[in-house]
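The values are calculated or read from the model by the stated rules, or taken from the named source; none is laboratory data. Only a predicted model underlies this, so the values are computations on that prediction, with no experimental measurement involved. Here the Cβ is made from the backbone with ideal geometry for all residues, glycine too, and neighbour counts use every protein chain on show.
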Amino acid sequence: MLPESPLTTIESRLRYLLPAEMYVSMWGNPSVEVMIQVHNHLRTLQRILHDYTSRQIDIAKLKPGDVKTEWQYGTMMFTDLAGFTKLMEANSSKGKEGAENLLRELTKYFSTMISIISKSGGELVEFTGDAMLVVFPQKKETRDDAKRAIRAALRMQRAMKDFAEIQTPSGIVNLQMRIGIHSGRFLTAEIGTPRRMEHVLLGKDVQKAKLTESKGFNGRVNVSQSAYELTQDTFRFEEGNPEYHLVVDDISAEDLGDYEITPVSRRMASNVLFEKDKKEVLKQIVELLDSIEPLASYIPDPVLSMLVESAAARRIRPDFPSPTIMFVNFIGLPEAADRALPGEERKLAASFSKAFSLINAVVEARGGVLKKVTYHLSGSDIVIYFGVPNAHTNNEMRAASAAVAIREVVEGINAKAPTIGGIKPEVYCQIGINMGPAFVAEIGDPRGRREFNVLGDTVNTAARLMSRAQKNQIVVSEPVKQAIAEKYECGSLGEIALKGKSKPMNLYEVVGRVKTT
């Protein structure tokens, strides 16, 4: 019989946070040396998960599974990168070498932008593909958040000169960025279950900020009327699209000024372990677990498993797989945030939390990954992957099955939607599914804020299919339709022109499962 290890008392907590070989060693060799290896691994994992989560998540006050809400005020910045699809296509034919080249350019881009954002007093809340959502919090003593955001945006646009002519195997590719800035308020909410939490931003001002970016132009900084009113005495503007203003970058480097802050470590990691007493090592391991578990709840299980196994190398290799991508636009509850009466915010968030948790359960049961809940021009987008990081042979079938089940979940949520501000919202969804080549990598700053992400035209097209869907409609591309036709009835929607596509695409709607006789 093997001697008992003190770690057996916390085995259930360690089970999903240790690499397979270390987990086995924990039982086969329960020595203090193995316990120290476990401690060091958890310390590294703690740092990784810190970098994978937004600073808006208050870990000190967080208990996984608790629904929390808070109104915040400040300025939001949305960015969008133009030219990435060409950059991806130029490297995809080169296999692993091309994937590494593409990641190198993306890392340079994101590291540059994240550094500017951080030093300008902004917080990168989330990545959405190659786009970013940044918040500049309003300070109590001054209202300079909009000015800080514009200064950061100008610095970012100036830094884009380094990405104007990127050499690729297929020639030169030019990257450009569009930036939108809007000032207002937004409701932050922690939703989900202890196993899977999500941090979401709700309210019309989030949508206005996204709209400001979409109404802008490559290479320019576009601001909404609210941001303009807060900064018109500091910067010069010219008219852009109606109700929007383009910042004129005629400011000298000296007038633009120094950065607003000196960045510090995002969060302090635990100290290196020197103690070799088993009880003391166990105590420090438990303290690490108390810090890690709330962070881990914000990471989808397959992604968390990948981070655990790759923690020693602290690197996930990029690749060009062909996943199936689903976008779900969840509409009704997110828009209700602004009419919530005092005290109704939590009721709204609790309903959203139930919907999110049920949808995540549907996706997980079919082997998919609910990556995140993000912003949209209306409602909130839910981004779902099938085929990454876990590969399957029938991703399209899994996605179709999940989509039909998600539609049923949303219909059930609608029937029980709470009354907010005296109005019972109509809750519905729009779903788009596409399949094809994509770029999968850990994007961001390798030594700071980053995420595992899937990028490319396949992802963008799935989002556009979702936008084409009607209430509770599931729209799929022709390759998806062909892959699921044996089990799912699909009706033709005809040829439809989509943004970014040179030719119209044949689109279909999933009616339901094929009836058997």
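For this structure, a couple of remarks:
- In the range 182-200, the qualifying residues are those that are β-branched (V, I, T) and buried (at least 24 other Cβ atoms within 10 Å of the Cβ), and the one that is nearest to L87 (Cα to Cα) is V200.
- Exactly one residue out of G74, G95 is modelled with pLDDT of 95 or more and either out of contact with any Cys (no Cβ under 7 Å at 6 or more places or on another chain) or within 29 Å of T142 (Cβ to Cβ) (or both): that is G74.
- Yes/no for R346 being modelled with pLDDT under 95 and crowded, with 23+ Cβ neighbours inside 10 Å: no
- Residues satisfying the stated conditions in the range 495-517, i.e. among the basic types (K, R) and surrounded by 10 or more Cβ atoms within 10 Å (Cβ to Cβ): K501, R513
- Pairs with Cβ under 8 Å, 6+ apart, first in the range 29-44 and in the same structural domain as K276 (by TED's automatic domain parsing) and over 12 Å from L7 (Cα atoms), second among the polar types (S, T, N, Q) and modelled with pLDDT of 85 or more: none
- Boolean, G456 is free of Cβ contacts under 8 Å to residues at least 40 places away in the same chain and among the small types (G, A, S): no
Condition check ((1) surrounded by fewer than 21 Cβ atoms within 10 Å (Cβ to Cβ); (2) in contact with a Ser or Thr (Cβ under 6 Å, 6 or more places away or on another chain); (3) of a type in the set (D, E); (4) modelled with pLDDT of 95 or more) across all residues:
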site: A152; (1), (2), (3), (4): no, yes, no, yes
site: K161; (1), (2), (3), (4): yes, no, no, yes
site: A164; (1), (2), (3), (4): yes, no, no, no
site: G180; (1), (2), (3), (4): no, yes, no, yes
site: L202; (1), (2), (3), (4): no, no, no, no
site: N222; (1), (2), (3), (4): no, yes, no, yes
site: F237; (1), (2), (3), (4): yes, no, no, yes
site: G240; (1), (2), (3), (4): yes, no, no, no
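- Listed conditions (1) outside the structural domain of K161 (by TED's automatic domain parsing); (2) out of contact with any Ser or Thr (no Cβ under 9 Å at 6 or more places or on another chain); (3) not in a helix (DSSP H, G or I) are all met by Y16, apart from (2).
- The set of residues in the range 106-119 that are modelled with pLDDT of 95 or more and either over 21 Å from the mean Cα position of the chain (by Cα) or over 30 Å from G184 (Cβ atoms) (or both) comprises L106, T107, K108.
- Residue in the range 405-424 that is surrounded by 24 or more Cβ atoms within 10 Å (Cβ to Cβ), under 25 Å from G500 (Cα atoms) and of a type outside the set (D, E, K, R) present: no
- Options A391, A402: the member that is within 28 Å of V125 (Cα to Cα) and either part of a helix (DSSP H, G or I) or more than 16 Å from the chain's Cα centre (by Cα) (or both): A402
- Scanning the range 293-320 for residues that are surrounded by fewer than 17 Cβ atoms within 10 Å (Cβ to Cβ) and in a loop (DSSP other than H, G, I, E, B) yields a count of 6.
- Summed over the range 9-33, the residues that are over 36 Å from the mean Cα position of the chain (by Cα) and of a type outside the set (F, W, Y) give a count of 6.
- Candidate set: the range 486-517, residues that are small (G, A, S) and touching a strand residue (DSSP E or B) at 6+ places or on another chain (Cβ under 9 Å); chosen: the one farthest from A403 (Cα to Cα): A497
- Residue list for the range 435-450, filter: under 20 Å from G368 (Cα atoms) and either crowded, with 20+ Cβ neighbours inside 10 Å or among the aromatic types (F, W, Y) (or both): M435, A438, F439, V440, A441, E442
- Residues that are more than 19 Å from the chain's Cα centre (by Cα) and either without any contact (Cβ under 8 Å) to a residue 40 or more places away in the chain or more than 20 Å from L377 (Cβ to Cβ) (or both) within the range 420-442 comprise I420, G421, G422, I423, K424, M435, G436, P437, listed in sequence order.
- The range 103-160 - residue that is in contact with an Asp or Glu (Cβ under 6 Å, 6 or more places away or on another chain) and of a type in the set (G, A, S) and, of those, nearest to G456 (Cα to Cα): A131
- Output for the range 57-102, where each listed residue is under 30 Å from R195 (Cβ atoms) and either assigned to a helix (DSSP H, G or I) or polar (S, T, N, Q) (or both): I59, A60, K61, T69, Q72
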